[in-house]
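Peer 1: Okay, here's the structure, questions in a sec.
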Amino acid sequence: MPNLKESIERLSAQAEAGPNPEARRIFLEFRDQLTQGKIRAAEKVVSPGSSGQWKVNTWVKQGILLGFRLGVLQEMTAGLSFVDKDTFPARRFTIADRVRVVPGGSSVRLGAYVAPSVICMPPMFINVGAYVDEGTMIDSHALVGSCAQIGKRVHLSAAAQIGGVLEPVNAAPVIIEEDVLVGGNCGIFEGTLVRARAVLGAGTILTRSTPLYDLVKGEVYRATADARLEVPENAVVVPGSRAVQKGNAAGWNLSLYTPVIVKYRDEKTDRGIELEDWLR
């Protein structure tokens with residue numbers, strides 16, 4: 001979609017984006033493409049011999065921000081009454097979408113792609129720019145933030161928080177690849193990449209400033225100025241702690257939180273986290 005990309009980049013570069021019917025038409029076309037999953041904030045580029053690298057589509061983030069610039073406040077009556085920018089109303093699902101949304105206060109913004117067979121348990125929220133692929137379950141009180149990329153057959157357990165990364169526009173979003181289990185009360189933020197089939201135990205927090213200790217391989221994974229924090233494929237991660245040796249901390253026996261890889265996924269793990277197909 002070169003023409004749409006060029007139009008979004010041109011409009012984003014303009015100092016003002018006030019009342020402009022042409023700009024609004026272009027944005028609505030962009031929003032429809034985003035909602036249908038035809039464009040996305042990030043996409044995987046696979047090369048031989050690698051697990052794939054994720055590329056950020058900066059122009060897509062620019063288009064989302066353009067929508068906020070073009071929007072005006074409007075009363076909206078879909079579900080609970082609220083007031084928001086008219087360019088991002090709550091999305092309405094029909095039988096044809098084949099997405100089961102259980103009653104109880106859930107909301108999905110237009111501009112978020114939700115694939116057929118996704119299950120949304122109330123209350124949950126999916127923000128603009130997010131991409132949620134087939135067979136994924138979003139449990140109660142879970143959040144999928146702006147531009148987050150969620151793969152196939154992911155389970156976001158109750159109260160899981162997938163952070164949004166909309167600005168700066170070139171920043172990588174949070175990415176959860178296929179068949180990942182995200183336990184209850186987990187938080188994944190600041191562009192963290194969780195590779196396929198990883199398991200995050202309840203309460204695990206992953207950020208750019210959090211080192212990830214691999215007890216199996218004897219390695220420590222960290223985010224750098226040029227690379228995000230990355231959880232390896234099949235890793236089983238649980239909350240842990242590490243002793244602090246500086247200053248008074250040693251004498252006080254203080255420790256800091258850190259996530260720890262305690263094993264890699266095996267048959268026992270699969271049995272423990274298996275979801276019944278009929279739930280989907």
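The values are calculated or read from the model by the stated rules, or taken from the named source; none is laboratory data. Just so it is clear, the structure is predicted and the values come from calculations on it, not from any experiment. As a convention, Cβ positions derive from the backbone with ideal geometry for all residues, glycine included, and neighbour counts pool all protein chains shown.
Peer 1: Against the definition (surrounded by 14 or more Cβ atoms within 10 Å (Cβ to Cβ) and out of contact with any His (no Cβ under 8 Å at 6 or more places or on another chain)), how does residue 251 come out, yes or no?
Peer 2: On the way: surrounded by 14 or more Cβ atoms within 10 Å (Cβ to Cβ): no; out of contact with any His (no Cβ under 8 Å at 6 or more places or on another chain): yes.
Answer is no for this residue.
Peer 1: Kindly indicate the residue of segment 234-248 that is of a type in the set (A, V, I, L, M) and more than 26 Å from the chain's Cα centre (by Cα) and also surrounded by the most Cβ atoms within 10 Å (Cβ to Cβ) among those meeting that condition. Spell out how you get there, then give the answer.
Peer 2: Step one: list which residues in segment 234-248 are of a type in the set (A, V, I, L, M), which gives 235-238, 243-244.
Now narrow it down to the ones that are more than 26 Å from the chain's Cα centre (by Cα): 243-244.
On the way: 243: 10, 244: 14.
For segment 234-248, the residue satisfying everything is 244.
Peer 1: For segment 162-280, please list each of the strands (runs of 3 or more DSSP E) lying entirely inside it that holds at least 2 residues being closer than 19 Å to residue 148 by Cα, among the hydrophobic types (A, V, I, L, M, F, W, C) and at pLDDT 95 or above.
Peer 2: Numbers: elements: 212-214, 219-221, 235-243, 255-264.
Where strands (runs of 3 or more DSSP E) fall fully within segment 162-280, none carries at least 2 residues being closer than 19 Å to residue 148 by Cα, among the hydrophobic types (A, V, I, L, M, F, W, C) and at pLDDT 95 or above.
Peer 1: Has segment 58-80 got any residue that is within 18 Å of the chain's Cα centre (by Cα), part of a loop (DSSP other than H, G, I, E, B) and of a type in the set (Gly, Ala, Ser)?
Peer 2: No, the conditions are met nowhere in segment 58-80.
Peer 1: Within segment 180-210, take every residue that is in contact (Cβ under 8 Å) with a residue 40 or more places away in the chain and of a type in the set (D, E, K, R) and give me the one that is nearest to residue 56 (Cα to Cα).
Peer 2: 195
Peer 1: Within segment 212-233, how many residues are surrounded by 15 or more Cβ atoms within 10 Å (Cβ to Cβ), under 20 Å from the mean Cα position of the chain (by Cα) and not basic (Lys, Arg)?
Peer 2: 7
Peer 1: Would you please name the residue that is farthest from residue 45 (Cα to Cα), looking only at residues in segment 166-180 that are among the aliphatic types (A, V, I, L, M) and crowded, with 24+ Cβ neighbours inside 10 Å? It would help to see each step written out before you state the result.
Peer 2: Our first condition is that a residue be among the aliphatic types (A, V, I, L, M); within segment 166-180, this holds for 166, 169, 171-172, 174-176, 180.
Subset that is crowded, with 24+ Cβ neighbours inside 10 Å: 174-176, 180.
Working: 174: 16, 175: 13, 176: 15, 180: 19 Å.
My answer is 180.
Peer 1: Please work out which one of (1) crowded, with 18+ Cβ neighbours inside 10 Å; (2) out of contact with any strand residue (DSSP E or B) (no Cβ under 7 Å at 6 or more places or on another chain) is the condition residue 187 fails and give its number.
Peer 2: (2)
Peer 1: Turning to a different aspect of this structure: Listed residues 96, 42, 15; which is small (Gly, Ala, Ser) and in contact with a strand residue (DSSP E or B) (Cβ under 6 Å, 6 or more places away or on another chain)?
Peer 2: So the residue among 96, 42, 15 that is small (Gly, Ala, Ser) and in contact with a strand residue (DSSP E or B) (Cβ under 6 Å, 6 or more places away or on another chain) is 42.
Peer 1: Need pairs with beta-carbon distance below 7 Å; first residue closer than 26 Å to residue 66 by Cβ and within segment 79-97, second assigned to a helix (DSSP H, G or I) and modelled with pLDDT under 85; sequence gap 6+ or separate chains.
Peer 2: Short answer, once both residue conditions are applied: none.
Peer 1: Kindly list, by first and then second residue, each pair from a residue in segment 211-224 that is free of Cβ contacts under 8 Å to residues at least 40 places away in the same chain and closer than 18 Å to residue 189 by Cα to a residue that is of a type in the set (Ser, Thr, Tyr) and part of a strand (DSSP E or B), limited to pairs with Cβ atoms under 9 Å and residues at least 6 apart or on different chains.
Peer 2: Once the first residue is free of Cβ contacts under 8 Å to residues at least 40 places away in the same chain and closer than 18 Å to residue 189 by Cα and sits in segment 211-224, its partners that are of a type in the set (Ser, Thr, Tyr) and part of a strand (DSSP E or B) give 221/213.
Peer 1: Quick check: is even one residue across segment 105-120 in contact with a helix residue (DSSP H, G or I) (Cβ under 8 Å, 6 or more places away or on another chain) and of a type in the set (Ser, Thr, Tyr)?
Peer 2: yes
Peer 1: Taking the condition of being of a type outside the set (D, E, K, R), more than 14 Å from residue 128 (Cα to Cα) and part of a strand (DSSP E or B), how many residues in segment 33-56 meet it? First the steps, then the outcome.
Peer 2: Restricting attention to segment 33-56, the residues satisfying the condition of being of a type outside the set (D, E, K, R) are 33-37, 39, 41-42, 45-54, 56.
Now restrict to residues that are more than 14 Å from residue 128 (Cα to Cα): 45-54, 56.
Going one step further and asking which of them are part of a strand (DSSP E or B), we end up with 45, 53-54, 56.
Here the count works out to 4.
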